[in-house]
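Please treat every number below as a calculation from the coordinates, not as lab data. Bear in mind the structure is a predicted one, so any value in this text is a computation, not a measurement. Cβ coordinates were reconstructed from backbone atoms using ideal geometry, including for glycine residues, and neighbour counts include every protein chain displayed.
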Amino acid sequence: MQGIIAVWAFSAALTGASAKAPQWHTDYGAALAATRQSQRPLLVVIDDPGVAEHRIEQVSARNDRSGAEILESYELCHIDARTRYGQQVAASFKVRQYPHTAIIDRTGSVILHQQTGRFTTEAWVATLATYREGVYHAAERTERVRGGRLCFG
């Protein structure tokens with residue numbers, strides 16, 4: 001069954017436990033600095049909330065606690081592609097379609113994964129689990145980030 005990506009926001013109330021809601025940066029530079037300081041990978045979500053097909057939808061953590069726990073391993077950044085700033089960030093990532101997600105390693109220097117469009121909740125959780133350590137593996141195709149700019153190689 002095709003699901004909607006489970007990222008934009010998780011409910012603060014988890015079944016049987018309380019958890020604080022994840023904090024989403026809206027400034028890519030600040031998110032990148034936080035990643036470098038915390039040594040956690042950075043999840044960047046670029047979407048267009050004004051168009052239903054181009055946005056990341058909210059999914060409650062009550063339905064997927066494992067997804068919420070995995071998200072805690074990441075610094076989080078949401079970019080609204082409708083804004084001028086959002087368009088600049090999207091251009092840096094060479095985004096041609098929304099929603100677009102990218103996972104950057106814990107040093108803030110390598111893009112480990114990029115994906116455009118919707119995918120199943122199961123695939124989403126698997127992707128987050130795969131990159132949750134934020135470690136670059138040379139065998140994977142990646143792009144480097146230098147000084148806030150993407151360098152493809």
(request) Rank-order 25-33, 105-113, 73-81 by packing density, defined as the average count of other C-beta atoms within 10 Å over each peptide's residues, highest first. (result) 73-81, 105-113, 25-33
(request) May I ask you to evaluate 6.51 cos²θ - 1.76 cosθ + 1.60, the Karplus curve with θ = phi - 60°, for each residue of the range 23-31 and list the ³J(HN,Hα) values in order in whole Hz, giving x for glycine and proline? (result) 9, 9, 6, 10, 10, 4, x, 5, 5
